[in-house]
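The values are calculated or read from the model by the stated rules, or taken from the named source; none is laboratory data. As the structure is a prediction and not an experimental result, all values here were calculated from the model. Glycine gets a Cβ as well: all are built from the backbone with ideal geometry, and neighbour counts include every protein chain shown.
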Amino acid sequence: MKNIDFILNLMSEESNDPITPAIYQTSNFRFRDVDSFRVAMADEEHGLIYSRGNNPTLNTLADKLGALEGGKALLFSSGMGAISTAILSVARTGRHALCIEGAYSWTDKIFREILPHYGVDAEIVPGAEIIDHIRKDTNLVYIESPLTKTFELLDIKAVCDAAHSVGAVVMLDNSYSTPLLQRPLEMGVDFVLHSATKYIGGHSDTVGGVVVCREEMYSQLFNNEYLAIGAIMSPFNAWLFLRGLRTLPVRLERISDSAEKVIAFFENCSEVEAVLYPGSHSPEQKKLFSQQMSGISGLFSVVFKNKSPEFMKRFCNSLQHFQMAVSWGGHESLVLPYSLWQNSENSGMARFSIGVERPETLIKDIEQALSAADK
Ligand SMILES: *Cc1c(COP(=O)(O)O)cnc(C)c1O
């Protein structure tokens with residue numbers, strides 16, 4: 001990868017030389033003469049006309065994210081804005097679309113319920129089986145590696161090779177890894193998607209999304225679904241994400257290190273049946289982990305031996321430092337007790353998102369909550 005520090009410091013041209021980028025809080029841009037207006041209107045992709053297309057604050061953020069992933073980035077008002085726009089740009093009536101089982105719930109919803117409304121033959125398949133379900137009429141394969149509940153990995157290159165052999169496009173949700181831990185375009189993925197809400201923003205204060213793809217696909221997406229659907233990021237939110245991005249390397253370093261310590265603690269707990277994180281499931285998964293990723297981030301699941309809802313309730317209610325909430329990737333540690341409202345396959349399971357606190361603080365909190373829950 002190119003020098004990360006350089007990418008994060010890369011500035012757009014600003015006449016007043018501020019250290020941080022300006023927020024261009026404007027809906028449109030003026031032209032000083034008819035000729036320059038006409039030239040711009042003929043090529044919205046490369047001009048500043050209207051902020052649903054280009055805006056300098058968004059372009060600064062998109063340039064950095066594109067450089068980190070090794071492609072060209074477009075920004076959206078949410079992760080789902082990015083994901084749904086990318087999917088709608090590829091899915092076609094009468095064609096076959098595949099999605100990995102266990103994908104993010106609203107992504108799953110698109111394949112399970114929304115695409116079928118438009119006559120797309122959408123199918124949801126578990127794990128590596130997805131490769132065997134690729135057919136001649138498949139034109140979209142949507143994957144997550146790792147999944148963000150059970151953290152299994154897919155052989156990304158093998159999925160891409162199989163998909164490309166029938167001319168299908170591969171999309172991958174890279175929110176767990178960020179471009180710092182996994183670079184899917186290099187493994188053949190065509191569209192990399194992010195919920196920037198998670199690690200890229202990093203402070204639990206902004207919702208946003210990203211699509212990164214290669215140049216040819218970028219033009220196609222920009223000039224069609226991006227402009228037409230209009231699920232754009234606001235200039236102020238782009239500025240917040242630029243601020244978040246500056247500390248992404250230090251946050252992830254700390255979070256990854258703390259997560260390893262908390263995972264090691266759970267793995268040695270008599271109350272714990274299994275800890276689920278990338279590479280934890282089997283030697284094959286471990287091999288994929290070392291091939292595809294350069295580390296773990298801060299999200300993992302724990303399966304407790306005691307499956308009773310009362311145990312989970314006592315444990316979660318006793319946590320003093322971990323807060324109970326959905327979402328993840330922020331500075332503060334969170335717990336999501338899946339088992340308390342989902343079906344039986346999740347019994348005894350909770351997901352943890354490790355923040356930037358001292359790992360000793362987090363482990364102490366878990367220790368006292370476990371002994372309270374054991375009573
Ligand atoms: C949160 C999340 C999304 C959706 O992102 P939003 O920013 O909430 O729209 C997509 N994928 C994964 C894996 C997520 O965790």
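Quick one: how many residues across the stretch 1-34 are modelled with pLDDT of 80 or more and more than 29 Å from the chain's Cα centre (by Cα)? Total meeting the criteria: 9. Screening Arg112 against (1) away from the ligand (no atom under 16 Å from the Cβ); (2) more than 24 Å from Arg52 (Cβ to Cβ) leaves a single unmet condition, (1).
Selection of the stretch 186-210 for residues being in contact (Cβ under 8 Å) with a residue 60 or more places away in the chain, more than 14 Å from the chain's Cα centre (by Cα) and either outside any loop (DSSP other than H, G, I, E, B) or away from the ligand (no atom under 15 Å from the Cβ) (or both) yields Glu186, Met187. All of Ser301, Ser290, Ser297, Ser339 fail the test of being away from the ligand (no atom under 16 Å from the Cβ) and either over 20 Å from Lys375 (Cα atoms) or part of a strand (DSSP E or B) (or both), apart from Ser290. Each residue in the stretch 111-131 was checked for being assigned to a helix (DSSP H, G or I) and closer than 11 Å to Arg95 by Cα, and 2 of them qualify. Please tell me if Gly348 is under 19 Å from Lys261 (Cα atoms), in contact with a strand residue (DSSP E or B) (Cβ under 8 Å, 6 or more places away or on another chain) and in contact (Cβ under 8 Å) with a residue 24 or more places away in the chain. Taking the combined requirement at face value, the residue does not satisfy it. In the stretch 135-169, what residues are more than 16 Å from the ligand (Cβ to nearest atom), among the hydrophobic types (A, V, I, L, M, F, W, C) and buried (at least 19 other Cβ atoms within 10 Å of the Cβ)? Correct list: Leu140, Val141, Val159, Cys160, Ala162, Ala163, Ala168, Val169. Please determine whether any residue of the stretch 216-226 is more than 18 Å from Ala67 (Cα to Cα), assigned to a helix (DSSP H, G or I) and within 13 Å of the ligand (Cβ to nearest atom). Within the stretch 216-226, not a single residue is more than 18 Å from Ala67 (Cα to Cα), assigned to a helix (DSSP H, G or I) and within 13 Å of the ligand (Cβ to nearest atom).
Among the residues of the stretch 211-264, those identified as among the aromatic types (Phe, Trp, Tyr) and surrounded by 15 or more Cβ atoms within 10 Å (Cβ to Cβ) are Tyr218, Phe222, Tyr226, Trp239, Phe241.
Counting residues in the stretch 351-358 that are within 17 Å of Glu260 (Cα to Cα), surrounded by fewer than 22 Cβ atoms within 10 Å (Cβ to Cβ), basic (Lys, Arg) and within 23 Å of the chain's Cα centre (by Cα) gives one or more. Residue-level check: of (1) under 18 Å from the mean Cα position of the chain (by Cα); (2) part of a helix (DSSP H, G or I), Ala73 misses just (2). Filter the stretch 44-59 down to the residues that are part of a helix (DSSP H, G or I) and surrounded by fewer than 24 Cβ atoms within 10 Å (Cβ to Cβ), then identify the one that is nearest to the ligand (Cβ to nearest atom). For the stretch 44-59, the residue satisfying everything is Asn59. What do you reckon, is Phe37 free of Cβ contacts under 8 Å to residues at least 40 places away in the same chain, aromatic (Phe, Trp, Tyr) and either surrounded by fewer than 13 Cβ atoms within 10 Å (Cβ to Cβ) or in a loop (DSSP other than H, G, I, E, B) (or both)? When the stated conditions are applied, Phe37 does not pass them.
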